[in-house]
1. Placing +1 at every Lys and Arg Cβ and -1 at every Asp and Glu Cβ, with all other atoms neutral, what dipole size does region 1-193 have around its Cα centre, in debye to the nearest 20?
2. If you put +1 on each Lys and Arg Cβ and -1 on each Asp and Glu Cβ, how big is the dipole of region 51-145 around its Cα centre, in Debye rounded to 20?
3. What residues qualify as long-range amide H neighbours of ASN169, i.e. H under 5 Å apart, gap of 5 or more or another chain, H built at 1.01 Å from N?
4. Within 10 Å of each residue's Cβ, count the other Cβ atoms and sort HIS114, HIS191 from fewest upward.
5. Explain nothing, just compute: Karplus ³J(HN,Hα) = 6.51 cos²θ - 1.76 cosθ + 1.60, θ = phi - 60°, for every residue of region 109-123 in order, whole Hz, x for Gly and Pro.
6. Between THR183 and GLU32, what FRET efficiency comes out of the Förster formula 1/(1 + (r/R0)^6) with R0 = 41 Å and r the beta carbon distance, rounded to 0.05?
7. Taking neighbour counts of Cβ atoms within 10 Å as a proxy for exposure, in what order, fewest first, do GLU196, GLU32 appear?
8. Output the peptides 73-80, 141-148 sorted from most to least packed, where packing is the average of other Cβ atoms within 10 Å over each peptide's residues.
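Where a number appears in this text, it was derived from the coordinates with a stated rule and is not lab data. This is a predicted model, so every value here is computed, not measured. Cβ placement follows ideal geometry from the backbone for every residue including glycine, while neighbour counts extend to all protein chains displayed.
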Amino acid sequence: MVSNYYTSLRQQGTLNEYKTSLQYASKKKLKEAQQSLLKQQTYQQQTVNDPFGDHSSTAYGTDPLAFISIPAIDVELPVFPGTSDKTLNRYAGLVQGTDVPIGKKNQHSLITAHRGLPGAQLFTDLPRLEVGDKFYLKNAYGLMTYEVDNIKTIKPTTANPVQRDPQTNQVTLMTCTPYMINTHRLLVTGHRIPNESKSIPKAHFVWDWYKILMVALGVAVVAYLIYRLIRYFRNRKGGDSDEI
């Protein structure tokens, strides 16, 4: 519980800082940020390897490429370049060999995060997404809305897990499955659609067994501490009476 809270604080701090930088950036700063994203795009033209098995993957920058919001499962994370352990232990990462998300046709970004990592929610609830659900990306190129149109499971050794479509801009979200077994990869793909509004819809809190367990454990710990305090003061009071 403590580690989950600490990780959440770090994620939220990084996320808020990035959001603020986008909100108050001048046109010049946004243009510079766009150029930086385009520059990083050149690093993505490589063979796509399984990010959870390729520990040689490194990040090409220290700033987020974008942030992703998935209201249906109450997830919002910064997306960093690369899939190093340092990145995936806290955030989402863009898999090398796929496109930097800038919303253009004939581009396909593969964004991944852990599932079931102790102390971090990340993409744990990704299997809850259904065809028709929406998720959002935002960076210096603005807000981009995606509608889920395909969900599938593949083996880690599957070659070319994502393909470009000349007519659309696509983003695939990837995590391990089944939960805590991790023998396969879950791919949730969405295609870009027109923004329905200028802002991202509010998320809906999702109750899961592990969240209920965390709450139950917290209640149990508090109840135990109260019990121990009551025992302590009763014993102390009894001791004072004996002395009198």
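1. Values: 20 positive and 15 negative charges, 102 e Å.
Dipole magnitude for region 1-193 comes out near 500 debye.
2. Details: 8 positive and 9 negative charges, 34 e Å.
For this selection, approximately 160 debye.
3. For ASN169, the qualifying residues are ASN106, ARG192.
4. Working: HIS114 23, HIS191 17.
Ordered by Cβ neighbours within 10 Å, fewest first: HIS191, HIS114.
5. Using θ = phi - 60°, the values come out as 9, 10, 10, 10, 7, 6, 10, x, 6, x, x, 8, 6, 6, 9 Hz.
6. Values: r = 43 Å, r/R0 = 1.06.
E between GLU32 and THR183, to the nearest 0.05, is 0.40.
7. On the way: GLU196 9, GLU32 12.
Least to most surrounded, the residues fall as GLU196, GLU32.
8. Details: 73-80: 21.5, 141-148: 18.9.
The packing order, highest mean first, is 73-80, 141-148.
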